[in-house]
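Below is one structure; the comments refer to it alone.
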Amino acid sequence: MSTQKYIVVFKEHVTKEQVNKYAEDVNQNGGEVTNRWDTVLNGFAAVIPDAHFQKLQSLTDDVIDYIGALTNQSRHDSVSNGIATLPEPDGIVTTQ
């Protein structure tokens with residue numbers, strides 16, 4: 001089973017409790033939530049198995065704003081200079 005690290009950002013209307021439920025689902029399905037955000041971003045970073053990733057992708061119209069793959073380079077950039085570079089379906093979003 002293949003896994004990759006992703007950032008999962010939920011839509012503004014999704015509650016903290018709902019995000020917690022999705023994070024727990026990732027953990028229960030062979031993944032591991034490594035970071036959780038609820039102030040600047042409403043979401044989490046996680047290592048997600050391919051099979052569960054497909055399930056999360058199916059929620060992009062309803063509750064998930066976007067899912068982006070994290071690379072070592074983008075993780076390093078966000079730690080070293082305070083700017084997170086997050087891939088998203090239509091390009092790259094940079095937040096400060």
### Task
Mind listing the long-range amide H neighbours of Lys11? Cut-off is under 5 Å, sequence gap 5 or more, other chains count too, H placed in the peptide plane at 1.01 Å from N.
Ile64, Asp65
### Summary
In nanometres, the difference between 0.36 nm per residue of separation and the alpha-carbon distance of Asp50 and Asp62 is 2.3 nm
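Only the coordinates and a few stated rules stand behind these numbers; no lab work does. In this text the structure is predicted, and so the values were computed from the model without any measurement.
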